[in-house]
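Below is one structure, written out as structure tokens; comments come after it.
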Amino acid sequence: MLKLCDLSDASVSVWLVAPKVTIGRAAGCDLTIADETVAKLHAEVVIEGEQLMLHNLAGKQLWMNDKLVETSCAVGLNDRVKVGSRELMVVDPKVTKLQASAAAAPVSWALRANHPAIAGRVFPIRESTVVGRSDESDITFSLSHLSRRHARLEIRGGLLFVTDLGSANGTYLNNERVSETRVRRGDELRFDTLSFSIVGPADDRDRTTVRPVVTAAGERRAGASVASLRNDIPSPTEATVERRRYDAGQTAADGGRGVYWVLGMLVLGAVAGLYWVYSRGLV
């Protein structure tokens with residue numbers, strides 16, 4: 001059995017059970033979406049056996065796989081349905097467990113709402129995502145203080161950037177008004193008073209930095225580790241062995257000089273004795 005799930009909130013879902021499933025903002029709908037961009041009775045999915053048909057009931061914008069649905073169209077497994085600003089997907093929970101969402105539209109960056117009216121909701125960011133009041137924006141909020149096209153979020157080389165599109169009330173990053181700048185995970189991004197936290201991959205700030213180390217000779221080794229520098233410094237054991245070798249050499253050298261001194265004295269003593277004997281006429 002298939003299920004229709006909200007990609008930004010997996011808890012908002014409905015089983016696609018015959019004869020039909022209604023979608024809208026009204027509390028009586030089978031799938032109720034509390035969003036101003038969604039009509040009270042926006043759309044329905046009619047189930048006839050294994051056939052699913054999506055019908056536009058409100059005449060408002062309804063998209064299926066990024067194609068506008070003016071009246072009706074067939075819908076099936078892994079198809080994406082956009083109702084207002086909310087994106088839904090047809091999934092088979094037994095097989096995919098919502099992994100079809102990641103496979104169809106991998107998202108590494110997202111906006112997590114801080115505003116009390118939509119707190120906790122997560123809005124995925126595509127390669128280029130426009131935020132604004134207009135229905136043509138990728139992420140739409142029907143708020144009068146937002147410009148129709150307020151700001152654009154872009155992923156460039158895996159990094160996230162925000163560009164203000166000339167909005168009247170401004171775009172703010174960590175409470176500072178910006179025109180274009182890089183955005184990092186954990187930053188607060190605000191469109192006038194509508195505030196979001198940035199969800200994304202680990203940043204450079206999360207990585208360990210190895211500082212340059214100055215060796216005994218004064219040479220800077222960028223990125224050199226303490227372990228590598230220790231290889232240049234003799235260990236205490238090695239120093240002891242070298243000292244013993246040095247001391248043994250010194251002892252041997254001193255011993256050699258002592259032998260020569262004794263032999264010299266013996267030769268001088270022998271010469272003096274012979275001289276004494278000859279001078280007395282004993283020989």
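For S195, the residues whose modelled amide H falls within less than 5 Å of its own, excluding neighbours fewer than 5 places apart on the same chain, are N114, H115. Largest accessible area first, the listed residues M1, M265, M64 line up as M1, M265, M64 when surface is computed with a 1.4 Å probe on the assembled protein chains. Heavy-atom accessible area with a 1.4 Å probe sorts L194, L268, largest first, into L268, L194.
The values are calculated or read from the model by the stated rules, or taken from the named source; none is laboratory data. If you're wondering where the values come from, they're calculated on a predicted model, not measured in any experiment. Keep in mind that these areas ignore ligands, DNA and RNA; they rest on the heavy atoms of the full protein, side chains included. Shrake-Rupley method; radii C 1.70, N 1.55, O 1.52, S 1.80 Å.
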